[in-house]
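The values are calculated or read from the model by the stated rules, or taken from the named source; none is laboratory data. Treat the numbers as computed from the prediction; the structure is a model and nothing was measured. Virtual Cβ from ideal backbone geometry, glycine too; neighbours counted across all protein chains shown.
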Amino acid sequence: MTKVHFIAIGGSVMHQLAIALKTKGYEVSGSDDEIYEPALSNLRQAGILPASMGWDPARITPDIDAVILGMHARDNNPELIRARELNLKIYSFPEYIYQESKNKTRVAVGGSHGKTTTTAMIMHVLQHAGKAFDYLVGAKLEGFAQSVNITDAPVIVCEADEYPASAIEKRPKFHFLHPQIAVLTGIAWDHINVFPTYEIYKEQFAIFIRQMEAGHLLIYNSSDEELATLVAAEGRHLRLIPYTMPIHMIRDGVTRVFFDEGFTDLEVFGGHNLMNMHAAKLVCNELGISDEAFLAGIATFKGAAKRLELVAENDRSVIYRDFAHAPSKVKATVEALKQQYPERKMIAVLELHTYSSLNADFLAQYEGAMDPADIAGVFYSKHALEIKRMPDLDPELVKERFGRKDLHIFTDRPAFEAFLAAQQYDNTNLLLMSSGTYDGIDFNGLRTLLG
């Protein structure tokens, strides 16, 4: 029996892989110094919750076949040191995913934005078509019990993240997946704590393209001029399929998309989602799914968690929350909601929560991103700045960087909640964008705003 040990098993994706391998029949153990919900309950239910918290070199024994190192673990971790002493095979998360999928058709969806949604669309359609496949995705999806699944299926579909793989492997995760079918959705500078310049960030995508084997397929967003130029320079050894915005129409708040073999009405909307859908269709076609079968499947796709996720609605108002935090994602999400409901007033509030978004210099990347909103606001907490050891942000500087003198600035939850309660929501949509929680706001409680 294959024996695997996870160092920092409590990570959101790490614990999902641990459960998937346990389900596959592997002997799984793990450790962590802290484990929070839902990982705590999930690991307990799977029977692989560590008996005690903390690191213990005694857990590392010579009979372990693989040690998987999570991002939370440091280079001086006692269990990692012991694993090295024993010359055990040590993998980052993506390195191990590749080990488990060497004999599969590997699909990797990369890019600065749209990775999760495009991956989710492919998964949804394949499931609808009855295809067997494994997957790795960074969000909870309706119809899937977990976010990682490893079986003996012939295909694996992976969201391909450009963030570093582990504490000892600083290269981006997507460099380790080696796909035969890849998607690149676009390039927009992010993660400045890891990639301090745009050129360094862009180079990671160039490396990804160069590493693909000759003749393998790259599906890319040709409307992104930077990406198209990069593909032309680096992708001559590949089979290339460009994609752009598919033909579509919007009527009474419903989007209809058209492909060669027909059309369907959608439950999602927005130009970015239509672009993601086009990429997903091309992947599914390559995996043997016809346009007809794709349209039948995508018609029931409701989106990934926190991606234009419906919080509340009535006949004249809607409240959405979205994971958007990087400038390109914020711009796409705000534009999508405005295009879908052009006659409605839009209130949009972005929480600055990531290292990049809280950086005063990087804030210039957000200029114009909130312009389609009739009322726009930005929330950031002193607590988030303190945790990241960053200096305070001047509200006037934030307004200047976003290019809106009328931008509402909130630095504590009570003031933000008071603002929301004071707004009129007749013929109005509210959009809340964040990778955080606005210092613990009750999203379900927001339903009372609509009466």
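Details
- Looking at region 345-414, the strands (runs of 3 or more DSSP E) lying wholly inside it that each contain 1 or more residues that are under 23 Å from residue 191 (Cβ atoms) sit at 345-351, 375-379.
- Condition check for residue 447: in a helix (DSSP H, G or I), surrounded by 15 or more Cβ atoms within 10 Å (Cβ to Cβ), over 24 Å from the mean Cα position of the chain (by Cα) and of a type in the set (Lys, Arg): no
- Flag if residue 410 is in contact (Cβ under 8 Å) with a residue 60 or more places away in the chain and farther than 29 Å from residue 445 by Cα: no
- When we screen 273, 285 for residues that are crowded, with 18+ Cβ neighbours inside 10 Å, in the same structural domain as residue 214 (by TED's automatic domain parsing) and closer than 25 Å to residue 137 by Cβ, the only hit is 273.
- Residue list for region 112-138, restricted to those being modelled with pLDDT of 95 or more and assigned to a loop (DSSP other than H, G, I, E, B): 129, 130, 131, 132, 133
- Residue within region 300-323 that is surrounded by fewer than 19 Cβ atoms within 10 Å (Cβ to Cβ), assigned to a helix (DSSP H, G or I) and not charged (D, E, K, R) present: no
- Where a residue in region 216-237 is over 19 Å from residue 282 (Cα atoms) and its partner, wherever it lies, is charged (D, E, K, R), with Cβ under 6 Å and at least six apart: 234/210
- Tabulated pairs, region 244-269, first within 24 Å of residue 142 (Cβ to Cβ), second in a loop (DSSP other than H, G, I, E, B) and among the β-branched types (Val, Ile, Thr), C-beta under 9 angstrom, 6+ apart or interchain: 255/268; 267/300
- When 326, 279 are screened for being in contact with an Asp or Glu (Cβ under 6 Å, 6 or more places away or on another chain) and either buried (at least 22 other Cβ atoms within 10 Å of the Cβ) or more than 22 Å from residue 187 (Cβ to Cβ) (or both), only 326 passes.
- Checking residue 124 against (1) farther than 18 Å from residue 181 by Cα; (2) in contact (Cβ under 8 Å) with a residue 40 or more places away in the chain, the condition it does not meet: (1)
- Flag if residue 229 is farther than 23 Å from residue 330 by Cβ and either modelled with pLDDT of 95 or more or within 19 Å of the chain's Cα centre (by Cα) (or both): yes
- Taking residues in region 170-182 that are over 8 Å from residue 204 (Cβ atoms) and hydroxyl-bearing (Ser, Thr, Tyr), and partners anywhere that are assigned to a loop (DSSP other than H, G, I, E, B) and modelled with pLDDT under 95, not one pair has Cβ atoms closer than 6 Å while being at least 6 places apart or on different chains.
- Any hit, region 313-323, residues being under 16 Å from residue 111 (Cα atoms), out of contact with any His (no Cβ under 6 Å at 6 or more places or on another chain) and of a type outside the set (Lys, Arg): yes
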